[in-house]
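*Asks:* There's a structure below that I have some questions on.
The values are calculated or read from the model by the stated rules, or taken from the named source; none is laboratory data. Note that the structure is predicted; figures quoted are calculated from it, not measured. Cβ placement follows ideal geometry from the backbone for every residue including glycine, while neighbour counts extend to all protein chains displayed.
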Amino acid sequence: MKILFALASYLLGSVPTGYLLVRWTGREDVRDLGSGNTGATNVLRVKGWKAALPVAVFDVLKGFLPAFLALRWFADPGFAALCGLFAVAGHCYPFSIGFRGGKGVATSFGAFVAIALWPSLAGLGVFLVAVGVTGYVSLGSILGSLAFPAVLAVAGGPWRAAAASAAIAGLVVLRHSGNIVRLLAGRERKLGEKAS
């Protein structure tokens, strides 16, 4: 049963929200625009907030629902976090569009909220402060994702949940490798800058 649930978590995460919405509204492949991924931040840059908002909400739910339902049905925080990891992996590598998806930020936040509310709010706080101070969504996403497993571990959360959450954060950081290179080179776009 757990194997099927984990697979279902990946499949839900694989629903390419940003890709589908941009296709429906303009027949474009969002991966050919902006930063080249399907996430809400890229949709915001190329289509505006009216398109980005529903993408962000659904992407959060893709991470929240598998982790939340796993926690309710199996009462196992470690497995719930693992299902969150599968959902984030599905978002980043969706089989339906050639395994080229988003960067997992909104989906990981949804999973983090389901796993442990207060550490997820701490991670959100880190994200908001970082973006507010620097203007870089990518930097805020990286730091906010890393903050959750760190706070969960320090707070004495279940070690398996902390380990799976660290894997989620690691995946988010991996998906931002290009952003890290641009940040170090001073070429990263700030929030509000249009894609060239």
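*Asks:* In the range 22-48, what count of residues is obtained for those that are touching a helix residue (DSSP H, G or I) at 6+ places or on another chain (Cβ under 9 Å) and either in a loop (DSSP other than H, G, I, E, B) or over 20 Å from G90 (Cβ atoms) (or both)? Steps first, answer last, please.
*Replies:* Within the range 22-48, the first condition is being touching a helix residue (DSSP H, G or I) at 6+ places or on another chain (Cβ under 9 Å), and the residues that meet it are 22-23, 25-26, 28-31, 33-47.
Filter once more, so that each one left must be either in a loop (DSSP other than H, G, I, E, B) or over 20 Å from G90 (Cβ atoms) (or both): 25-26, 28-29, 33-39, 44-47.
Number of matching residues: 15.
*Asks:* Check whether at least one residue in the range 97-111 is assigned to a loop (DSSP other than H, G, I, E, B), over 12 Å from the mean Cα position of the chain (by Cα) and either over 23 Å from K47 (Cα atoms) or of a type in the set (S, T, Y) (or both), and report yes or no. Give the steps one after another, and end with the answer.
*Replies:* Of the residues in the range 97-111, the ones assigned to a loop (DSSP other than H, G, I, E, B) are 98-104.
With the extra rule that they be over 12 Å from the mean Cα position of the chain (by Cα), the set shrinks to 98-100.
Applying the additional criterion that residues be either over 23 Å from K47 (Cα atoms) or of a type in the set (S, T, Y) (or both) yields none.
Among the residues of the range 97-111, not one is assigned to a loop (DSSP other than H, G, I, E, B), over 12 Å from the mean Cα position of the chain (by Cα) and either over 23 Å from K47 (Cα atoms) or of a type in the set (S, T, Y) (or both), which makes the answer no.
*Asks:* Turning to a different aspect of this structure: Among the residues of the range 20-35, are any of a type in the set (G, A, S), farther than 30 Å from M1 by Cβ and touching a Gly at 6+ places or on another chain (Cβ under 9 Å)? Reasoning before the result, please.
*Replies:* Quick first cut of the range 20-35, residues of a type in the set (G, A, S) only: 26, 34-35.
Imposing the further condition that a residue be farther than 30 Å from M1 by Cβ reduces the set to 26, 34-35.
From what is left, the residues that are touching a Gly at 6+ places or on another chain (Cβ under 9 Å) are 35.
Yes, that holds for at least one residue.
*Asks:* Taking L184 as the residue in question, decide whether it is touching a residue at least 12 places away in the same chain (Cβ under 8 Å) and not acidic (D, E).
*Replies:* Working: touching a residue at least 12 places away in the same chain (Cβ under 8 Å): no; not acidic (D, E): yes.
Answer is no for this residue.
*Asks:* Pairs needed: first member in the range 34-48, under 15 Å from R23 (Cα atoms) and at pLDDT 90 or above; second member anywhere, buried (at least 22 other Cβ atoms within 10 Å of the Cβ) and among the aromatic types (F, W, Y); C-beta distance under 8 Å; at least 6 residues apart or different chains.
*Replies:* T38/Y19
*Asks:* Take the conditions at pLDDT below 95 and not β-branched (V, I, T) and apply them to K190. Does it pass?
*Replies:* Details: at pLDDT below 95: yes; not β-branched (V, I, T): yes.
Yes: the conditions hold for K190.
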